[in-house]
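Okay, so here's the structure we're looking at.
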Amino acid sequence: MDSVTVKNLTVRFGKYEALKDVSFSLKKGDFLNIVGPNGSGKTTLIEVLTNLTTPSSGSITINERQVGYLPQKLQTKKNFPITVKEVIYGGLDKIEKESTDKEIIKWLEIMNISHLINENMSILSGGQQQRVYIIRSLIS
């Protein structure tokens, strides 16, 4: 069974305590909504779950589950030559690429950007770029 268990997670940056004794568990199919005011540790929690930040104490157990993370602000540099398709496929290995073509097309249609699949990322609006990164996160 896929599961995520967080026990007594604490993250400190110097004297500042970004998270204190956070505990929860999730099973396959569960959703986690992280809500709170600015500075309450939402991003820090995601960064710890995705190994971008190391906890000061506590434990995280993730069984057979990959955790994706999409930063609030993420845009492709101007004139960087990469297409929508290349960004999405860049997160997959060769076997996954072959088995997910239909899923990628489905998500492009759901996000209303299927017409952009061969476009350079740098010409897309910030919102369109976010949708591409969301698709990459969902299928990887």
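Here are some notes:
- Looking across the stretch 1-25, the residues that are part of a loop (DSSP other than H, G, I, E, B) and loosely packed, with under 13 Cβ neighbours inside 10 Å come down to M1, G14, K15.
- Residues considered: N63, N112. Of these, the only one that is at pLDDT 90 or above and within 19 Å of S137 (Cα to Cα) is N112.
- Any pair with Cβ under 8 angstrom, 6 or more apart, that starts in the stretch 21-43 at a residue that is of a type outside the set (S, T, Y) and ends at one that is outside any loop (DSSP other than H, G, I, E, B) and open to solvent by 70 Å² or more (accessible area, probe 1.4 Å): D21/N8; V22/N8
- Of K73, K28, all but one fail to be surrounded by fewer than 11 Cβ atoms within 10 Å (Cβ to Cβ) and either at pLDDT below 90 or more than 13 Å from the chain's Cα centre (by Cα) (or both); the exception is K73.
- Taking residues in the stretch 80-108 that are closer than 19 Å to I123 by Cα and modelled with pLDDT of 85 or more, and partners anywhere that are among the hydrophobic types (A, V, I, L, M, F, W, C) and open to solvent by 70 Å² or more (accessible area, probe 1.4 Å), not one pair has Cβ atoms closer than 9 Å while being at least 6 places apart or on different chains.
- Matching residues, the stretch 115-126, being exposed (fewer than 14 other Cβ atoms within 10 Å of the Cβ) and modelled with pLDDT under 90: I123, S125, G126
The values are calculated or read from the model by the stated rules, or taken from the named source; none is laboratory data. What you see is a predicted model, and the numbers here were worked out from it, not measured in a lab. Please note: Cβ atoms are built from the backbone with ideal geometry, for glycine as well, and neighbour counts cover all protein chains shown. The area values use the complete protein model at the heavy-atom level, side chains included, leaving out ligands, DNA and RNA. Shrake-Rupley method; radii C 1.70, N 1.55, O 1.52, S 1.80 Å.
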